[in-house]
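A short write-up of the structure that comes next.
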Amino acid sequence: PEFQVGDYYFQLQLHPRDHRGSQRPDRPDAVYLTLLAELGSIPARLFALKVRATFRSEILGLSRVIEVKDSPVRWRGGFGPRDEKANSAVDAHEADELDWHVDVEILEEETPRRTVLRWPLDAFENVRAGHASVPCRAGFHAFHWRHFEIANLAPTPIGFRVDLHPSIDATGNFYVSFRMDKAGPEVEELSLRFELSLEEPGYIAHSELLSGGHREWLRPLGVASHPTACEALRTWEGRLTLRLQVTVESFVLMPPKPPSVWSDFVSPSFRYLLLSAAGEEVGGIPEPMMPLQVPGATFAAACASNLTMMRCLLVEHGVPLSSIREASYDGESEDVHPRDLIEDFLRESGSASKLVLYYAGHATVDGAWCLRWRPHGQRYSAEVVVPPQDVMAWKKSQQPINKRVPLEVIADSVGAGSWCLAAKHELLQGRVFAACAPDGCAWTAGHGSAFTTWIVGRGPSPWELTRVHASVMQQEPWECSHVGAAGPMKPPRAEVEADVARQKATGKLADVAGGDLAAAARLFKAAPSPALSLASTAAATSTWGSRPPSSVTQMARTSLLEGKGPLAGTWPPPVSPTSLAGGRATLGAS
């Protein structure tokens, strides 16, 4: 059956066991919710749609809830509960009748520079009661907040947090405040206009324009609005749904400051192959989340941001898009076999003076890349493991001895240093730049991996993060240089000097004799953290907050690294459609 929710049309699909196949009985699910893009009024350039769906079957006695935020293309394919018990119950059902009910609610709609957020509060009287139970003369505390993103402003979406602050009097009115949660130093100034309405009482407030600089948007209270003036809130009980339409009217970005290593792999005369492989279907070990991460952040989202940041860095420095090839092997996207893609890249070098192969994703303990390949036109996918020795052999086989183009490999995964050892053993003509040691661990945040955000100039270095979070994480980049030497990279000289100056200023470092940088470097790498095995890494679930800055004030940088202040913790959640009363629908089908 087809049904409408606001401006969107959905279809509920039932897939019998014979149609699902025996190799992957959970994909597609027994029951599926799909978006019908050819019907309704879908906004132009819709980036993402977040939907909460409750699937119920009274005959089977089942109830499952999903919340999915994804692109319209993925929604056309649909999503289901992905529950083996539900699939088995449908398969075992032999009666002539079967009922399914689905309750669909649109929570977020993300378009260029605008996001619509629907925020359901199940019992508004509890919001008032919870506020009254805590003494606070100013009424600044907030127990309810949501996260959302606005796209098309920077290379990666900018994350915001909206807080609900109940008023200090008995009217039940409130105000909201916004602050940036996931934005690097590129946002210098921002003007944001929002329109607030309450669906059940039918209240619509006037739109407001909020403006501020980087420091204002990152402070704990963010930028606050005026309070609502709805008389119905004084005695309101039950569900109350806030609808916020947030639009960025103007912004100013600061250019990033790439570290010194960027020039080694960025040139208009190079050709690039950017690969990623992360997600539930991908084997191997993902990078663990850094401390203080946002709940719900995933390595798959981080890998997508990694590729976006790399592509933006290359384009900003004059690399034509025709010289950049991207592929994501997550088991969902269809593409050629990874070996065919890599061999074609190595063979068809054209006039490039260097080939750069970048990878971010899952890997084995010994650093081999783990990809999930889905052939064109096929429903099922297969695991492909690419060890470093194979890539070195493919390069030799695809390039004649008299026409070999240097290859640079950038590996952002656990055990990435193994690529350095393999390059040294195989006498690679080129360079390998690895996120960690051969038996080491690379770390990530929800907005991108620590290694990649550093090499593109949008975050602190792994040495700095290791020093701050020494009790939890340790990460030391490796390289195999052009002369064939493989081992740990040395911290950039500028970073050593900055660390010495910082510690001198805080009194934590005695005057190093004569400004000896070698002695400073030894102290810089002191206090090693406990060894972290990849076995424990695979199960790590710690989280880390917003995007690390690289060119804002040192105070903001320190607050982030220590997990304090407005930059610590939080990032993406809910939002909705364009018609005020049409954000929710319930369908019952037999």
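The values are calculated or read from the model by the stated rules, or taken from the named source; none is laboratory data. Treat the numbers as computed from the prediction; the structure is a model and nothing was measured. Heads up, the Cβs are rebuilt from the backbone with ideal geometry, glycines too, and the neighbour counts pull from every protein chain shown. What goes into the accessible areas is simple: the full protein's heavy atoms, side chains included, and nothing from ligands, DNA or RNA. Shrake-Rupley method; radii C 1.70, N 1.55, O 1.52, S 1.80 Å.
Can you list the aspartates and glutamates whose alpha carbon sits under 14 Å from that of Lys395, skipping same-chain ones fewer than 8 residues off?
Asp340, Glu343, Asp344, Glu348, Glu408, Glu426
Based on the mean of other beta carbon atoms within 10 Å per residue, what is the order of 306-316, 231-241, 102-112, most packed first?
Output ranking for 306-316, 231-241, 102-112: 102-112, 306-316, 231-241.
Suppose each label sits 7 Å from its Cα in the direction of the beta carbon; what would the Ile204-Ser63 distance come out to in nanometres?
3.5 nm
Can you check what the net charge comes to around Asn126, using other residues whose Cβ is under 15 Å from the Cβ of Asn126 (Lys, Arg +1; Asp, Glu -1)?
Charge balance near Asn126 sits at -1.
At a 10 angstrom cut-off on C-beta neighbours, averaged per residue, how do the peptides 465-476, 219-230 rank from highest to lowest?
465-476, 219-230
Looking at this model, which pairs from Lys396/Lys424; Lys354/Lys403; Lys354/Lys490 are more than 21 angstrom apart at the alpha-carbon?
Distance filter (> 21 Å) returns Lys354/Lys490.
Hey, can you find the accessible area per residue of the range 354-464 for me, probe 1.4 Å, expressed in square angstrom?
Averaged over the residues of the range 354-464, the accessible area is 29 Å².
Which net charge results when you count Lys and Arg as +1 and Asp and Glu as -1 among the other residues whose beta-carbon is under 12 Å from that of Glu249?
+1
Please compute the net charge surrounding Ala232, taking Lys and Arg as +1 and Asp and Glu as -1 over other residues with Cβ under 15 Å from its Cβ.
-2
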